[in-house]
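Working notes, beginning with the structure itself.
The values are calculated or read from the model by the stated rules, or taken from the named source; none is laboratory data. Computed from a predicted model, the values in this text were never measured in an experiment. Glycine gets a Cβ as well: all are built from the backbone with ideal geometry, and neighbour counts include every protein chain shown.
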Amino acid sequence: MNRRKFVQTSLAAAVATALPVSQSYAKVLGASSMVEADINAFTGDGADVTLKRAAVQELGDSLRGNLLLPGHEAYEEARRVLNASIDKHPALIVQPKGVADVKDAVDFARESNLLVAVKCGGHNVVGKSTCDGGMMIDLSTLRSVRVDPKAKIATVSGGSWLGDMDHDTMAFGLVTTAGTVSHTGVAGLTLGGGFGRVGRRFGLAVDNVLGVDIVTADGQFLRANAEENQDLYWGVRGGGGNFGVVTSFDFQLHEMDREVIGGTVTFPFSEAKSVLNFFADYAANAPDELYIDGGITADPKQGSMVFLHICYSGPKNMASKIVDPIRNAGTPVFDDIKSMDYVALQASGDVSDPRANGSYMKSGFTSHVTPEVIDAILYGFEEHPDRSMTVVYQHAGGAIGRVASDATAFAHRHVNHDTLFLMDWPVENDPAEHIKWVREYWKSVEPHTRGIYANDLVDESQQKVHRNYAGNYERLLGLKNKYDPTNLFRLNANIVPTV
Ligand SMILES: Cc1cc2nc3c(=O)[nH]c(=O)nc-3n(C[C@H](O)[C@H](O)[C@H](O)COP(=O)(O)OP(=O)(O)OC[C@H]3O[C@@H](n4cnc5c(N)ncnc54)[C@H](O)[C@@H]3O)c2cc1C
């Protein structure tokens, strides 16, 4: 070995032994374990931006979690979201292991003027938690739940799934409102509202948020609760991901017996009109302890049917009085309503390969399921050999409606149902025809709705998104101007800042 080569080798060894102090956690995972070249990326406004190799390497070195780059299988896994027809390629993906990593990612993105997507469960139907050419902050590495059974509070990390929370809280006979599919993200669901099987008893997920830890666009770590940063505390309860990355939530928990009565009963499609009319009356007069969804569904294999799905968590001695009429709403074809574990019921809507299908949806709130809207739904409904279609009225009302519309940023307190048009198809299909069909079908039902769940906004105009915040828009705009004046967090039900 000549002297020059020896010095080079020694230096490399010295660097290698020195680096682990700063790199002992962080991994850059790309085509190699180093950032090899400058990266072409996009700003939030869609302009080109070049990320310097050394700066990206420095970001990678600063993290306790991973920095994923194209060319690595972990990048391929992380960039995916639930809707398989979304195929976006972020320029880089940060998987934070803690608040420090989130701060570093946000600082880097802001200083580079980079487009940012924040992913928790990846359920946003139009793929707002991923992006082309920007930074994805993938919080799948930030999943944990800590329950304080005495105080009845759960502290839940910002990347956790609903199933994580239900599992851990129910172990103590405690619950808070979570949605109906257990692989949905706690953060995405909660920040926009959060409907679920116990929402009529305990309010929306947002109504149970006691506080959040959040990294705002300027990289500051803030606590927002009833004492600190009250303005932000109000805003995150319905304002979505507009103000920063929530790294942790504190949820109020409630005592509940984990054995509930739950499941689905289906009836022939020929009985759809009478079953849905029964549903409309029954849901409108239900006690808070009864959650009942009603709808119609068509599947290429199973054909069309009308269904009712319930969760009853009230006194056991009232159960048959409340549940029997539901079973007898028509001629049951299938009935799995039974006494069951709440956590199992919460996972009963899961699909085994959640990312196998393309999907699209339309939705709108409604106070009453009228005979006119039932006619509109039945008139437009049709089977198709290549797609599944479900129209479902998700039950709201109860405690959700007993909160003032300006008490939190979630304004739509009048609702008794969220009308959901859900469609999916094998991912190899061209989505265009399916999406066109749903949009047409939706036109006949939309006039019967008022307001849209912010978590389900798909292709509405920016003006409509703003209007949808209703009486809370001006206050939310003030918060956006204060906490995110450059609109770093724009891939959401976006409030466009005006400063
Ligand atoms: C199968 C299915 C079932 C559903 N069921 C229900 C239901 O029962 N009740 C209900 O209310 N809704 C339901 N939804 C809608 C659901 O609330 C939204 O899709 C929600 O956005 C999902 O959250 P996520 O974290 O999984 O999504 P993601 O796609 O990961 O995130 C959505 C958005 O949330 C924001 N975000 C995510 N994490 C953070 C964070 N830590 N900090 C700041 N911002 C963040 C970002 O803006 C992101 O674009 C359902 C959706 C699907 C697809």
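So is Ser352 at pLDDT 95 or above, of a type outside the set (D, E, K, R) and within 23 Å of the chain's Cα centre (by Cα) or not?
So Ser352 does not fit the description; no.
Inspect all residues belonging to the range 215-223 and state whether any of them is in contact (Cβ under 8 Å) with a residue 12 or more places away in the chain and under 25 Å from Leu422 (Cβ atoms).
Taking every residue of the range 215-223 in turn, none turns out to be in contact (Cβ under 8 Å) with a residue 12 or more places away in the chain and under 25 Å from Leu422 (Cβ atoms).
Please indicate, with yes or no, whether at least one residue in the range 452-472 is within 15 Å of the ligand (Cβ to nearest atom), under 27 Å from Gln394 (Cβ atoms), in a loop (DSSP other than H, G, I, E, B) and β-branched (Val, Ile, Thr).
Yes, the range 452-472 contains a residue that is within 15 Å of the ligand (Cβ to nearest atom), under 27 Å from Gln394 (Cβ atoms), in a loop (DSSP other than H, G, I, E, B) and β-branched (Val, Ile, Thr).
When residues of the range 473-486 are filtered for being basic (Lys, Arg) and within 15 Å of the ligand (Cβ to nearest atom), how many remain?
Summing the residues that are basic (Lys, Arg) and within 15 Å of the ligand (Cβ to nearest atom) in the range 473-486 gives 1.
Those residues that are of a type in the set (Lys, Arg) and over 28 Å from Tyr441 (Cα atoms), I need them from the range 257-316; list them, please.
Arg258, Lys316
Given the condition within 24 Å of Phe381 (Cα to Cα) and without any contact (Cβ under 8 Å) to a residue 12 or more places away in the chain, answer yes or no: does some residue in the range 455-470 qualify?
yes
Show the residue pairs that are 6+ apart or on different chains and have beta-carbon atoms under 6 Å apart, the first residue being within the range 137-154 and surrounded by 24 or more Cβ atoms within 10 Å (Cβ to Cβ), the second being in a loop (DSSP other than H, G, I, E, B) and modelled with pLDDT of 95 or more.
Leu139/Cys120; Leu139/Gly158; Leu139/Gly159; Leu142/Pro96; Leu142/Gly158; Leu142/Gly159; Ala154/Leu253
Which numbered condition trips up Phe243, out of (1) over 30 Å from Pro497 (Cα atoms); (2) within 16 Å of the ligand (Cβ to nearest atom)?
(1)
Look through the range 458-480, keep the residues that are acidic (Asp, Glu) and under 30 Å from Lys436 (Cα atoms), and return whichever of them is surrounded by the most Cβ atoms within 10 Å (Cβ to Cβ).
Checked the range 458-480; the qualifying residue surrounded by the most Cβ atoms within 10 Å (Cβ to Cβ) is Glu460.
Being under 22 Å from the mean Cα position of the chain (by Cα), surrounded by 22 or more Cβ atoms within 10 Å (Cβ to Cβ) and of a type outside the set (Phe, Trp, Tyr) narrows it down to one residue among Gly240, Gly262; which is it?
Gly240
Which residues, taken from the range 238-288, are of a type in the set (Asp, Glu) and within 28 Å of Lys321 (Cβ to Cβ)?
Glu255, Asp257, Glu259, Glu271, Asp281, Asp288
Ala411 versus (1) assigned to a strand (DSSP E or B); (2) buried (at least 20 other Cβ atoms within 10 Å of the Cβ); (3) of a type outside the set (Val, Ile, Thr); (4) out of contact with any His (no Cβ under 8 Å at 6 or more places or on another chain): which is the lone unmet condition?
If we test Ala411 against (1) assigned to a strand (DSSP E or B); (2) buried (at least 20 other Cβ atoms within 10 Å of the Cβ); (3) of a type outside the set (Val, Ile, Thr); (4) out of contact with any His (no Cβ under 8 Å at 6 or more places or on another chain), just (1) comes out false.
Which of (1) among the small types (Gly, Ala, Ser); (2) away from the ligand (no atom under 16 Å from the Cβ); (3) within 15 Å of Ser129 (Cα to Cα) does Ser85 not meet, given it meets every other one?
Every listed condition holds for Ser85 apart from (2).
Among the listed residues Lys119, Lys150, Lys128, which satisfies the condition of being more than 8 Å from the ligand (Cβ to nearest atom) and over 19 Å from Val209 (Cβ atoms)?
Lys150
Could you grab me the full set of residues in the range 157-175 that are touching an Asp or Glu at 6+ places or on another chain (Cβ under 9 Å), more than 28 Å from Leu114 (Cα to Cα) and within 14 Å of the ligand (Cβ to nearest atom)?
Of everything in the range 157-175, just one residue is touching an Asp or Glu at 6+ places or on another chain (Cβ under 9 Å), more than 28 Å from Leu114 (Cα to Cα) and within 14 Å of the ligand (Cβ to nearest atom), namely Gly163.
Need at least 1 residues that are among the basic types (Lys, Arg) and modelled with pLDDT of 95 or more per element, so show me which strands (runs of 3 or more DSSP E) inside the range 217-285 make the cut, counting only ones lying wholly within it.
Here the list reads 221-225.
Here are the criteria: (1) out of contact with any Leu (no Cβ under 7 Å at 6 or more places or on another chain); (2) modelled with pLDDT of 95 or more; (3) outside any loop (DSSP other than H, G, I, E, B). Tell me which single one Leu479 does not satisfy.
Here Leu479 clears every test but (1).
In the range 126-136, what count of residues is obtained for those that are crowded, with 23+ Cβ neighbours inside 10 Å and in contact with a strand residue (DSSP E or B) (Cβ under 6 Å, 6 or more places away or on another chain)?
Summing the residues that are crowded, with 23+ Cβ neighbours inside 10 Å and in contact with a strand residue (DSSP E or B) (Cβ under 6 Å, 6 or more places away or on another chain) in the range 126-136 gives 6.
I'd like the full set of residues that are over 13 Å from Thr408 (Cβ atoms), outside any helix (DSSP H, G or I) and more than 10 Å from the ligand (Cβ to nearest atom), limited to the range 176-210.
If the condition is that a residue be over 13 Å from Thr408 (Cβ atoms), outside any helix (DSSP H, G or I) and more than 10 Å from the ligand (Cβ to nearest atom), then Thr176, Val198 are the ones that fit.
Does Asp107 fit the bill of being closer than 17 Å to Ala41 by Cα, in contact with a strand residue (DSSP E or B) (Cβ under 8 Å, 6 or more places away or on another chain), surrounded by fewer than 20 Cβ atoms within 10 Å (Cβ to Cβ) and charged (D, E, K, R)?
For Asp107, the condition - closer than 17 Å to Ala41 by Cα, in contact with a strand residue (DSSP E or B) (Cβ under 8 Å, 6 or more places away or on another chain), surrounded by fewer than 20 Cβ atoms within 10 Å (Cβ to Cβ) and charged (D, E, K, R) - is not met.
Just give me the residues in the range 246-268 being farther than 14 Å from Met340 by Cβ and within 15 Å of the ligand (Cβ to nearest atom), in sequence order.
Scanning the range 246-268 gives Val246, Thr247, Ser248, Phe249, Asp250, Phe251.
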